[in-house]
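The values are calculated or read from the model by the stated rules, or taken from the named source; none is laboratory data. Fair warning: this is a prediction, and the values are worked out from it, not measured in the lab. Cβ placement follows ideal geometry from the backbone for every residue including glycine, while neighbour counts extend to all protein chains displayed. We work out accessible area using only protein heavy atoms, side chains counted, and drop any ligands, DNA or RNA first. Shrake-Rupley method; radii C 1.70, N 1.55, O 1.52, S 1.80 Å.
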Amino acid sequence: REGGKIETALLGNHPDDSAEAQIELMLKAAVAGQSKLVFHNAAYDLCVIARTYPKLIPLIFQALENGSITDTLIREKLLNLSRHGKLDMMPLPDGHTSLKLSYHLSDLVLKYTGADRTAVKNDEDSWRLNYNMLDGWKVADYPAEAADYARTDASDTLEVCEQQQQSVNVQGSLETEYF
């Protein structure tokens, strides 16, 4: 986030896109304590990065070890455990009923920002389910909708993380940034 505005960058898998170099720069900045990397389901994304670019594995582990990587999915589970002690259901104030908890990014975006992204996440024609069609394409050649989806997904993840942090700070249970 720069000057209050979220800046996003698209990385592709075309040889000319230098995704490996860009990811390496981000990981090095995180290891140096210059930035935090925010994921939703980091285990999946980091495994994809490690499998695709094995030379980055040491940097991934260094960034994890020094706490420079955070995961909104895990954070939400920790928040639920600290609030009511449950991962699957949240007891409602009436004391008799419960609400099923979901950890999909779209559900957390709705919870924290009010934006409903369900359709673009679940539609069979959504880019989320069809990025394989762009395999080998240069990022610059992506259809606008595909690029917008990826950028919005990244900015949504950061928004959720920041809202989770505000929730933590209001509760006063943790003082650290991106716990």
| request: Filter the stretch 29-86 for residues that are acidic (Asp, Glu), within 30 Å of Lys100 (Cα to Cα) and open to solvent by 40 Å² or more (accessible area, probe 1.4 Å) and give the result. | output: Asp45
| query | Are any of the residues in the stretch 46-53 in a loop (DSSP other than H, G, I, E, B), more than 19 Å from Gln164 (Cα to Cα) and not aliphatic (A, V, I, L, M)? | reply | yes
| task | From Ser98, Ser35, Ser18, grab the single residue that is more than 20 Å from the chain's Cα centre (by Cα), at negative phi and polar (S, T, N, Q). | result | Ser98
| Which residue, of Val109, Val120, Val160, is out of contact with any Cys (no Cβ under 8 Å at 6 or more places or on another chain), part of a helix (DSSP H, G or I) and at pLDDT below 95? | Val120
| said: Considering only residues that are among the charged types (D, E, K, R) and outside any loop (DSSP other than H, G, I, E, B), which ones fall in the stretch 17-42? | reply: Asp17, Glu20, Glu24, Lys28
